[in-house]
Ligand code: ACO
């Protein structure tokens, strides 16, 4: 059977690093409050010349180089983002043009922090249907542009950045020993739409708006939703937490990561944590974490890796793959 196999990975971060202490003087907060509640120590913030398209392009170029491929080899670009350069055209198309790619097709996916998990699952369907052989899956965000910098309960939590994977069609036996994407589950429930949202948009206010969040409500639902969708993914693949080599969760909050891993019986040392370095980069957080764990030698060819995310909507999902 056809499997979607990871061929390359890459990332890109804005030049400017903002440490927790740099918020003192911006809003009433402290390094201690932020670090204790979230595990975040610093985040990267885009300068005027850095956009979702430029960061996404840079991450894509690194992933292509890692794969030993060029844009000419790619059939499809799926960009997960909630902070596009423009309302339209899709930022994926802008990245396609920046890469000098004038064949194939490209589109954006909007599932907030679950965007990358949604995009990987979608790319896998295109590959398995035979409609695409090689797909660039990118998560790129500039959440700093939609933050209310006077709201200490949200502005300290997010950061900017991008990550990318190249997925390629390959042959598998149809067992979990295959390399590539093995199982995936996606969920959403709009009943929670007011717990984490942006208070503007083209069809309502005609403005971009700012991020609003009921942090405690998000926290309350996060662990249960994450563990449910992961258990469904384990059941699909016929595996247990012990079979995993690496758990690469959405990087919103260290306490949510720890509580989910504990509830699922995933050993602490198997969780890849980068929220301390990047903050919450929404759809970019999972590929950024993957890039770090591949670069430092943790994730290796043949490892069983679980991706997971939960975000505004709510949306949530998990992908199991063999690297
Ligand atoms: N610095 C200092 N004090 C603060 C700050 C801050 N940056 N932000 C809020 N506070 C204060 C509040 O005003 C409140 O003060 P009060 O008691 O005088 O009213 C107090 O701290 C406690 O506020 P809570 O919101 O109840 O704090 P909590 O312990 O719940 O932590 C947090 C807040 C970190 C946001 C937590 O709720 C959380 O992590 N929620 C999940 C959020 C999340 O992960 N979102 C992303 C998931 S989806 C996605 O990625 C898009």
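The values are calculated or read from the model by the stated rules, or taken from the named source; none is laboratory data. Bear in mind the structure is a predicted one, so any value in this text is a computation, not a measurement. Please note: Cβ atoms are built from the backbone with ideal geometry, for glycine as well, and neighbour counts cover all protein chains shown.
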Of all residues in region 294-323 being in contact with a helix residue (DSSP H, G or I) (Cβ under 9 Å, 6 or more places away or on another chain) and not in a strand (DSSP E or B), the one that is nearest to the ligand (Cβ to nearest atom): 312
Given (1) within 20 Å of residue 282 (Cβ to Cβ); (2) part of a helix (DSSP H, G or I); (3) over 16 Å from the mean Cα position of the chain (by Cα), number of the condition residue 87 does not satisfy: (2)
Flag if residue 267 is within 21 Å of residue 233 (Cα to Cα), more than 13 Å from the ligand (Cβ to nearest atom) and out of contact with any strand residue (DSSP E or B) (no Cβ under 6 Å at 6 or more places or on another chain): yes
Pair list, Cβ under 7 Å, 6 or more apart: region 117-131 residue surrounded by fewer than 24 Cβ atoms within 10 Å (Cβ to Cβ), other residue in a loop (DSSP other than H, G, I, E, B): 126/132
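From the list 291, 260, pick out the single residue that is over 16 Å from residue 182 (Cβ atoms), more than 16 Å from the ligand (Cβ to nearest atom), modelled with pLDDT of 95 or more and outside any loop (DSSP other than H, G, I, E, B). Spell out the reasoning first.
Details: 260 fails: more than 16 Å from the ligand (Cβ to nearest atom).
Matching residue, one of 291, 260: 291.
Test residue 222 against the stated conditions and say whether it is more than 10 Å from the ligand (Cβ to nearest atom) and in a helix (DSSP H, G or I). Full working, then the answer.
Details: more than 10 Å from the ligand (Cβ to nearest atom): no; in a helix (DSSP H, G or I): yes.
Taking the combined requirement at face value, the residue does not satisfy it.
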Every residue from region 91-104 that is in contact with a helix residue (DSSP H, G or I) (Cβ under 9 Å, 6 or more places away or on another chain) and surrounded by 15 or more Cβ atoms within 10 Å (Cβ to Cβ): 91, 92, 94, 95, 96, 98, 99, 101, 104
Residue match in region 166-184 (condition: at pLDDT 95 or above, within 16 Å of the ligand (Cβ to nearest atom) and touching a helix residue (DSSP H, G or I) at 6+ places or on another chain (Cβ under 8 Å)): no
Hey, residue 160 within 15 Å of the ligand (Cβ to nearest atom), in the same structural domain as residue 76 (by TED's automatic domain parsing), touching a strand residue (DSSP E or B) at 6+ places or on another chain (Cβ under 8 Å) and farther than 20 Å from residue 285 by Cα or not: no
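Okay, residues lined up against (1) within 13 Å of the ligand (Cβ to nearest atom); (2) free of Cβ contacts under 8 Å to residues at least 40 places away in the same chain:
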residue: 21; (1), (2): yes, yes
residue: 39; (1), (2): yes, no
residue: 46; (1), (2): no, no
residue: 78; (1), (2): no, no
residue: 81; (1), (2): yes, no
residue: 86; (1), (2): no, yes
Identity of the residue in region 129-139, away from the ligand (no atom under 14 Å from the Cβ), touching a strand residue (DSSP E or B) at 6+ places or on another chain (Cβ under 8 Å) and not in a loop (DSSP other than H, G, I, E, B), that ends up nearest to residue 198 (Cα to Cα): 138
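Quick grid of which residues meet (1) under 19 Å from the mean Cα position of the chain (by Cα); (2) farther than 25 Å from residue 216 by Cα; (3) part of a helix (DSSP H, G or I):
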{"site": "107", "(1), (2), (3)": "yes, yes, no"}
{"site": "117", "(1), (2), (3)": "yes, no, yes"}
{"site": "127", "(1), (2), (3)": "no, yes, yes"}
{"site": "141", "(1), (2), (3)": "yes, no, no"}
{"site": "145", "(1), (2), (3)": "yes, no, yes"}
{"site": "148", "(1), (2), (3)": "no, no, no"}
Residues of region 48-66 satisfying the condition of being touching a helix residue (DSSP H, G or I) at 6+ places or on another chain (Cβ under 6 Å) and in contact (Cβ under 8 Å) with a residue 60 or more places away in the chain: 52, 53, 56
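Just to be sure, is residue 62 crowded, with 22+ Cβ neighbours inside 10 Å and touching a strand residue (DSSP E or B) at 6+ places or on another chain (Cβ under 7 Å)? Walk me through how you get there before you give the answer.
Numbers: crowded, with 22+ Cβ neighbours inside 10 Å: no; touching a strand residue (DSSP E or B) at 6+ places or on another chain (Cβ under 7 Å): yes.
Spelling it out, it is not the case that residue 62 is crowded, with 22+ Cβ neighbours inside 10 Å and touching a strand residue (DSSP E or B) at 6+ places or on another chain (Cβ under 7 Å).
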Only listed residue being touching a helix residue (DSSP H, G or I) at 6+ places or on another chain (Cβ under 8 Å) and not in a helix (DSSP H, G or I), chosen from 255, 212: 212
